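Below is one structure, written out as structure tokens; comments come after it.
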Amino acid sequence: MATVDIIIGTVYGSAVLVAETLEEALVKAGHSVTLHEDAELDELDQSHFWLFVTSTTGQGDIPPNLVSLVEALRETCPPIPEVRYALVALGDSSYDDFCGAGRQLDEQLQELQAQSVTARLQVDATETLEPEVPALEWLKGWIEKI
Ligand SMILES: Cc1cc2nc3c(=O)[nH]c(=O)nc-3n(C[C@H](O)[C@H](O)[C@H](O)COP(=O)(O)O)c2cc1C
């Protein structure tokens, strides 16, 4: 069974709810899970599975509680080819840069050669008030790969 770090970017808490729902499913499947609401790069273990759940704020911007990690990935991180990850992006398609934070983060991880185990899920707040529902379905589609 794997050790999973769920790394959260949120402003208003929706991403926390999604993260907690995914945590529950992962624990039920026998994995060990830690939630990070203020993740720092040097505190993350690259042998763990990294599951990102982030909303977008401003105009396609990273939520403040995730900025430090994203800047560290951009500015100081060497390639991390051993890291396996998946990413849920919460957004709202009425904004110009839909799920911009999730897209930027995913692109950054790809640039650092981290291994995505599944395509990024983008959840549109104009389509659902319960982002944890599609997130849970998405998790079921690839949980065996952890
Ligand atoms: C001030 C503000 C700015 C936002 N900017 C964007 C944006 O640029 N792109 C996007 O896709 N969603 C944007 N959103 C939508 C949020 O990402 C979406 O509602 C998300 O579910 C919020 O999750 P959270 O509660 O975890 O922060 C914005 C929401 C607010 C309130």
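Bear in mind these aren't lab numbers, they're just calculated from the coordinates by the rules spelled out. These figures come from a predicted structure and were not determined experimentally. Please note: Cβ atoms are built from the backbone with ideal geometry, for glycine as well, and neighbour counts cover all protein chains shown.
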_Calculated diffusion of segment 54-132, Stokes-Einstein form, Kirkwood radius summed over Cα pairs, 25 °C and 0.890 mPa s, µm²/s_ = 188 µm²/s
*Say R0 is 30 Å: what FRET efficiency, to the nearest 0.05, do residue 29 and residue 59 get from their beta-carbon distance?*
0.20
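Using DSSP to define loop residues, name the trypsin sites (Lys or Arg not before Pro) in segment 81-146 whose beta-carbon has at most 14 other beta-carbon atoms within 10 Å.
Details: sites: 84, 103, 120, 140, 145; in loops: 120.
Counting only loop positions with at most 14 other Cβ atoms within 10 Å, none of the trypsin sites (Lys or Arg not before Pro) in segment 81-146 qualifies.
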*Between exposed GluC sites (Glu not before Pro) in the chain, where DSSP calls loop and at most 11 other Cβ atoms lie within 10 Å, what's the longest gap?*
83-126
*asked:* At 25 °C and a viscosity of 0.890 mPa s, what translational diffusion coefficient does Stokes-Einstein give for the chain, taking Rh as the Kirkwood radius over Cα pairs? Give it in µm²/s as a whole number.
replied: 164 µm²/s
*Amide H neighbours of residue 115 under 5 Å, counting only residues 5+ apart in sequence or on other chains, H built in-plane at 1.01 Å?*
83, 84, 85
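Quote to one decimal, in nm, the extra length available between residue 140 and residue 125 on full extension: 0.36 nm per residue of separation minus the C-alpha distance between them.
Roughly 3.3 nm would be gained on extension.
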*Which value at 222 nm does the chain reach when only helices count, each DSSP H run of 4 or more adding -39,500 (n - 2.57), with the total divided by all residues and rounded to the nearest 500 deg cm²/dmol?*
-10500 deg cm²/dmol
